[in-house]
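Worksheet for the structure shown next.
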Amino acid sequence: MTKTYKLAVIPGDGIGKEVIDAGMKVLLHMEKQSKGAFVFESDYFDWGSDYYLKHGRMIPESGVDQLINYDAIYFGAVGDRRVPDHVSLWGLRIAICQGLDQWANIRPVEFLPGIPHRLVHPNPESLNWILVRENSEGEYSGIGGRNFSARPDEREVAIQSSVFTEYGCERIIRFAFELARTRTRKKVTSVTKSNAQQYGMVLWDEVFTRVSKDYPDIETDQWLVDAMAARFVLHPEDLDVVVASNLFADILSDLGSALAGSLGIASSANLQVDKRFPSMFESVHGSAPDIAGQGIANPIGTIASAGLLLDDLGLHDEAAKLNQAIRQTTSEGVVTRDIGGTYTTEEVTNSIIKNLST
Ligand code: NAI
Ligand code: MG
């Protein structure tokens, strides 16, 4: 019996369109290779900044509801110089993540063979850590406002509040511990800034201490985010599962992927862990307007995100095969300009497809 998976595909803006093309080409190749075991039924959504300029919103009013019945969402990137970044990000990516309660954002940091990385380390390929980002509240709760905007004398006031709930902290921290149990190292490092953020992040720390008691088999560690930034560079071998708030993990994941070689290789999954709604898979990078339309965007982050998508659908062997094909491609030196190569998006994609067949 052929299994059908319904995919909602949202290419978005800039290189989002190019890397989603690449990722879909890979997924459709894998569908063909499955010889009828599974098929993807994909619907494309033209949501993004062009849509905004036409309709005054990034997605239709019913947009989030339209996604509910899919098995997964495959997302490119959002951001266009003609639309303010906070409008495009909140109107599309965050609207979906929060609207569908995709509360766990996982972002693996992987050192791929053949890619020049930025660490002084004897054995970079032994490094492998994963950021677990709280994806529903914290600094990205969207609570606040601007006032006194009509006053002269540049006295406008803006308030941006962070929200940390015990429920939100507990579910992401528990998720991090469960994830650590599936890994060899079995360690969770919690990152906050509770010396300066004395309410929300102290609550986070307290929940971490409480939850950790349920996982005596998992090693724990707690760091302040500034020191953790240094630790990413100086002692990456200490890291396994790193759990942090929405903002901190967002920043640390760009640092991690840059250390591993480029933002262009980093994958990510916005998981609706309870399976009430579909999860969303996307690279870590944005729409990169500086290189959009040139056919040189690195597709690896988005293709590796398709691997996370396959895993989420239960296609674990296929996910492992895809990861292996990506590693084969990078070790052959078939890489884009951001990691020192000369190959195009299409050539890298075709190489991964070729390596899937061997
Ligand atoms: P960015 O990630 O788009 O680009 C940062 C730098 O990395 C650029 O020099 C870009 O060329 C390079 N880069 C990124 N991805 C690459 C790839 N696949 N291959 C080769 N080089 C790559 O971040 P930036 O410039 O801060 O933001 C651009 C736009 O993207 C903004 O509108 C921002 O709001 C949006 N954004 C959207 C995100 C999303 O949709 N999830 C995440 C981050 C930013
Ligand atoms: Mg980011």
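Read the figures in this text as sums done on the coordinates, not as results from a lab. A quick note: this is a predicted structure, and the numbers were derived from the prediction, not measured. No Cβ is skipped: glycine too gets one built from the backbone with ideal geometry, and neighbour counts run over all protein chains shown.
Summarising the strand pairing of the chain, around 40 percent of its internal DSSP beta bridges are antiparallel. For the range 320-358, the residues whose backbone nitrogen is under 13 Å from a point 7 Å from the Cα of Ala37, taken along Cα to Cβ, are 320-322. Dipole check for the range 2-143: with +1 at the C-beta of Lys and Arg, -1 at the C-beta of Asp and Glu, and the Cα centre as origin, the magnitude is about 360 Debye. Here the chain is treated with +1 on each Lys and Arg Cβ and -1 on each Asp and Glu Cβ, and its dipole about the Cα centre works out to around 320 debye.
Hull volume per residue, based on the alpha-carbon atoms of the chain and their convex hull, is 155 Å³.
Counting neighbouring beta carbons within 10 Å and listing from fewest to most, the residues Met24, Met1 come out as Met1, Met24. Placing unit charges on each Cβ (+1 for Lys and Arg, -1 for Asp and Glu) gives the range 1-128 a dipole about its Cα centre, and among Leu92, Gly76, Gly56 the Cα reaching farthest toward its positive end belongs to Gly76. Across the options Gly36, Pro122, Gly200, the greatest Cα extent toward the positive end of the charge dipole of the chain (unit charges at beta carbon of Lys, Arg, Asp, Glu) belongs to Gly36. The 3J(HN,Hα) values that the Karplus relation (6.51, -1.76, 1.60; θ = phi - 60°) gives for the range 202-212 are, in residue order, 6, 4, 3, 4, 5, 5, 4, 4, 5, 5, 4 Hz. Gly and Pro appear as x.
In whole angstrom, note down how far apart the Cα centers of the range 260-338 and the range 22-75 are. Cα centres, the range 260-338 to the range 22-75: 15 Å. Normalised by the number of residues in the chain, the mean separation of alpha-carbon contacts (under 8 Å, six or more apart) gives a relative contact order of 22 percent. Placing unit charges on the Cβ atoms only, positive for Lys and Arg and negative for Asp and Glu, gives the range 277-358 a dipole magnitude near 180 debye about its Cα centre.
Only one residue of Ala244, Leu255, Val273 has its Cα farthest out toward the positive end of the dipole of the range 226-306, where Lys and Arg carry +1 and Asp and Glu -1 on Cβ, and that residue is Val273.
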